[in-house]
Structure formats: C-alpha cells, structure tokens
Amino acid sequence: MEELVAAGTQFMREVNAAAILRRLRTETGMSVSALAKAVGLSRQAVTRSLNALVEEGLVEFGSLDRDSTRAGRPAQLVRFRAEAGHVLGLSISPQDLRVAIADLAGTVTAIEVVQLGAGVGGAEAVETLLATTGRTLASAGITIGDVWFASVGTPGIVDPEAGVVKLIPSMPGLAGDILVRRLKDVLGCPVYLDNDVKLATHGERWRSTERREDSMVMVHWGKRIGAGIVLNGELYRGASNDAGDVGFLDLFCDDRGAGPAATPRHPHGLGPFEERVGGEEIVRLAMAAAEGDGDAAFRARIEAAGDLGFDAVVDAVAAGAPAALAAIDVVARRFAKGISVIRAILNPRLVVIGGPMARCGEPLLAAVRGHLSGEPLDQPVLEVSSLQDDAVVHGALRHSLNEIERTKFGVRKISRQETS
C-alpha cells in the first residue's frame, strides 16, 4: 500500500518544488522574495528548490526587476521554462485527424489537420497520424525527444487504463491497442488514450473560462453523437467508461410511419438517436428540402461534395440557405427530445453543442431552443462550442499537461518501506 507521507528532507524538497512550479507557471517572472511570499516558504527554502529546478532545466534566473518600486538593488527575476518540454494532443476520426503541440505552459505552438479519404482506417490511419505528427513537430522545430507526453482521442468505447479501444464501429480497424502501441514505438514517451468526447469536454472547460461549470454536458454532434458529462466539477465516466453514449437513445416512433423496431440497423453501427439526428440524416433531409423547394443548385452542390456532403450542409446553414435551415429545424426538433431527457435525469446548468454542428451557430441554437420552449421543466443554458472541431485535441493537451504536473511537477507517493 502506498500513501503520501513526510519522509525527510527529500520529500519536503519535492513539496516545495511542486508549489514553486505551480506558481511560476502562472507568471511571466517573479522575484525570489515575491515567490517566497506567494507560496508561504522562507526565502532560503525557495532558493534551495530553485537551484535544484535550475539544474533540471525547468526554471532559470533572468533579468533584474527594473520596474520594482522597492529601495536598493533591483531583485533578480526567476521564470518557468515553458519551452523545456512539449506535449502532444492528437485526435483521429473517420473524417480527419488532428495534431496539436503545446509547451509546458499550455501555449499551442502548432496544429495541423489532415482529411482522411473514404474507407481509410486501421493501420493506414495510424500511419497517417504518425507521419502528420512527425511533420508537425519538424515544422515547429521540435524533436521527438522534446515530447514528454502524448494523449489521443478516438471515437468509440475506450479503456484508458489498458490503452485499448474496445468498440469502434466507425473505424473497426482501430480496435485493440494498435494506436497506443504504434505511438509509443515512434514517440518513446507515455501515451494516453481516451474517448474523443471525454477529451473534448476537458478541452472546452479548459479553454473557455466561462464554461468551467460544476454541472455541464457537452454534446459532440456530427455524423455520430456522444456526450461528456460533468457532475460536481468532475467528468463522470460511468461504470464502464461509456456514460454519455446518447447516440444509442431510442426516443422516436419513426415519423415516416414506421416504429423503431421497423428501422433497419445501420451498417456502421449507428444508434437510434444518431440515425435520427446524425450527419447522414441531415444530408438526406437537406436533399429532400432542396428538391421540394426546387433548389437544384443546392442539391447538386451536396451531391458533388460526396463524402463531404454533411460539411456542405453545415456551411449552407451558416450561410442561411433555406433548404439547409429547413433540414436543421427537423433535426433540432428531434435533438431537443434528447436534451429534455438529459435535463430530466441530470439537470445540468449548461449544455454545449460541439463538433461539426457547432459551426451552424445561432441558427441551430435558436431552432433547438424553440423546440424546447414547450417543455414543462426549466431547460439548461444552451451554447455552441468555442473550439468546435478542435475541442478534442485541446482536451488531449490538457490531459497531457495534467500528467506532467502529476509526474514531474507533483509530489511522488512514498511507500511505507521507505519510511521504516
């Protein structure tokens, strides 16, 4: 059994160093005296810890504080070396993959997006991700040895502790440990794997200060649907790490005349809710609306887009195309039913719509709010994601930084044997 105990001066140095690093990471520079006051330690204790951190390359003494109002010789400033290492945030989906690099202060230094062709999956997608990662690192002037930690998000049901994808109907070739195994082989650093929506929720809360709610649901809405649930300030995962799989809600009698039982299973494993509000249904509805309106040009534009037809519809919503808005109103009515279920069970303060549908912006919010207006319960605040499709990689960066804080900037656990 391991527990946190005071095991002599080494432990105290770790405690002090962790407190100093956490403080310095929030400042551009501080004097030793100001730092000692901020962390509640003696100047001598701070100086000892700083000297050790300088040797590790995590802090450095810099220029004199010329702006100081105190009498006498200006104090020397010390700063955290955010450039001492870097972390990676990665995401992979049937549509695209994304690579983001950040320094140890969380500042993003590079980000790249690569579209995946239809049918690309499994080993081919992983190798494309590795090649993109190498190219992005090189463009930022960063070597693989500079990467301290990497986190990657993927669709499906994931076991983060084992580093395996348990179920991923949209990209079955990624099932198992291929993603983590290949990333570790190439990067040579720890790699964390998680569900993309779980990471997107972390990213949204991190980058959007006004959304650091203690009760929030983030719904990733694209070709598939999933949700991240925050309860009492913590991400709720459920018994098997798949809480929030709202795509599998079955809420409808088919409004085309057939009941749910008559609806055939989708070949890609879409859940009933995804079948009614997901990307393929949105494209179908937009095509039908364009035909009904006699808008042959819009219909032809969707058809010409091929696998990117969903993106064409989303862009048309933002542009105010009538047929696209009509399609969105239909799915917004259905989507509102899902929100009402979430409200009845969880009663969150805030629901954030993320993923590709976030690009629809206010027209989408207005449609969903309108269809929720008749609900008997007070509804949560509805907003669209500020990060949109980049929420996953920002969440992955946040997790990587959390692990660096825990393992390098935190306090290690000391076993009972070490104290005896």
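How many percent of the alpha carbon pairs in the stretch 93-213 exceed a separation of 18 Å? Before the final figure, lay out each step's value.
Details: 3865 of 7260 pairs.
Roughly 53 percent, once rounded to a whole number.
Where in the chain lies the longest segment free of GluC sites (Glu not before Pro) that are both loop residues by DSSP (not H, G, I, E, B) and have at most 15 other Cβ atoms within 10 Å?
It runs 162-420.
Can you give me the pair-distance distribution of the stretch 100-140, C-alpha pairs, 10 Å bins, whole percents?
All Cα pairs, binned at 10 Å, distribute as 27, 45, 23, 5 percent.
Largest first, please: the extent of the C-alpha atoms of the chain along each principal axis, to the nearest Å.
Here the Cα extents, ordered largest to smallest, are 80, 45, 45 Å.
Placing unit charges on C-beta atoms (Lys and Arg positive, Asp and Glu negative, everything else neutral), compute the dipole magnitude of the chain about its Cα centre in debye, rounded to 20. Show your work: numbers first, answer last.
Details: 45 positive and 53 negative charges, 319 e Å.
So the magnitude is around 1540 debye.
Let me test this: with uniform point scatterers at the alpha carbons of the stretch 285-420, what is the Debye-based log₁₀ I(q)/I(0) at q = 0.10, 0.12, 0.15, 0.21 1/Å?
-0.50, -0.63, -0.83, -1.19
I'd like the Kirkwood hydrodynamic radius of the stretch 119-174, using the inverse of the mean 1/r over distinct C-alpha pairs, in Å.
12.9
Could you tell me which of 330, 300, 320 has its Cα farthest along the dipole of the stretch 281-334 towards the positive end, charges placed at Cβ (Lys, Arg +1; Asp, Glu -1), taken about the Cα centre?
330
At 20 angstrom or more along the helix axis (alpha-carbon based) and mean Kyte-Doolittle of -0.5 or higher, what helices does the chain contain? Whole DSSP H runs only.
Values: long enough: 8-24 (24 Å, 0.08); 123-139 (24 Å, 0.43); 279-293 (21 Å, 0.15); 322-346 (35 Å, 1.20); 391-407 (24 Å, -0.22).
Those that pass (Cα extent of 20 Å or more, hydropathy at least -0.5) are 8-24, 123-139, 279-293, 322-346, 391-407.
So, in Å, what gap is there between the alpha-carbon centers of the stretch 315-388 and the stretch 168-191?
After rounding, the separation between the Cα centres reads 34 Å.
Calculated from DSSP H runs of 4 or more alone, at -39500 (n - 2.57) each and per residue, what is the 222 nm mean residue ellipticity of the chain, nearest 500?
-13000 deg cm²/dmol
Give me the number: length gained by fully extending residue 38 to residue 83, i.e. 0.36 nm times residue separation minus the C-alpha to C-alpha distance, one decimal in nm.
Going from the current span to full extension adds 13.9 nm.
So for the pair residue 284, residue 161, with labels modelled 7 Å out along Cα→Cβ, what separation do we get in nm?
Going by the 7 Å Cα→Cβ label model, 4.0 nm.
How long are the semi-axes of the equivalent ellipsoid of the stretch 14-145, taking √(5λ) for every eigenvalue λ of the Cα gyration tensor, in whole Å from largest down?
That gives 42, 14, 12 Å for the three semi-axes.
What number results when the radius of gyration of the stretch 150-203, computed over Cα atoms, is divided by 2.2 N^0.38 Å?
Compared with the compact-globule rule of thumb, the stretch 150-203 sits at 1.05.
When a/c is below 1.5 the answer is rounded, else prolate if a/b is larger than b/c, else oblate, so apply that to the stretch 287-338 with a ≥ b ≥ c taken from the square roots of the Cα gyration tensor eigenvalues.
Prolate.
Give, as a single signed number, the net charge of other residues whose beta carbon lies under 14 Å from the beta carbon of residue 111, with Lys and Arg counted +1 and Asp and Glu -1. Write out the running numbers ahead of the final one.
Working: positive: 98, 135, 207; negative: 96, 103, 112, 389, 390.
Taking every Cβ under 14 Å from that of residue 111, the sum is -2.
With equal scatterers on the alpha carbons only and no solvent term, can you work out the Debye log10 of I(q)/I(0) for the stretch 209-385 at 0.09, 0.13, 0.14 1/Å?
Summing over Cα pairs of the stretch 209-385 leads to -0.31, -0.66, -0.76.
Which percentage, to the nearest 5, of the DSSP beta bridges contained in the chain is antiparallel?
DSSP beta bridges in the chain are roughly 65 percent antiparallel.
I'd like the FRET efficiency for residue 54 and residue 215, computed as 1/(1 + (r/R0)^6) with the beta carbon distance as r and R0 of 60 Å, rounded to 0.05.
With R0 = 60 Å, the Cβ-Cβ based efficiency is 0.90.
Any read-out appearing in this document is the output of simple, stated calculations on the displayed coordinates, not a laboratory observation. In this text, all values refer to a predicted model and were calculated from it rather than measured experimentally. Here Cβ is always computed from backbone atoms with ideal geometry, including for glycine, and neighbour counts include all displayed protein chains.
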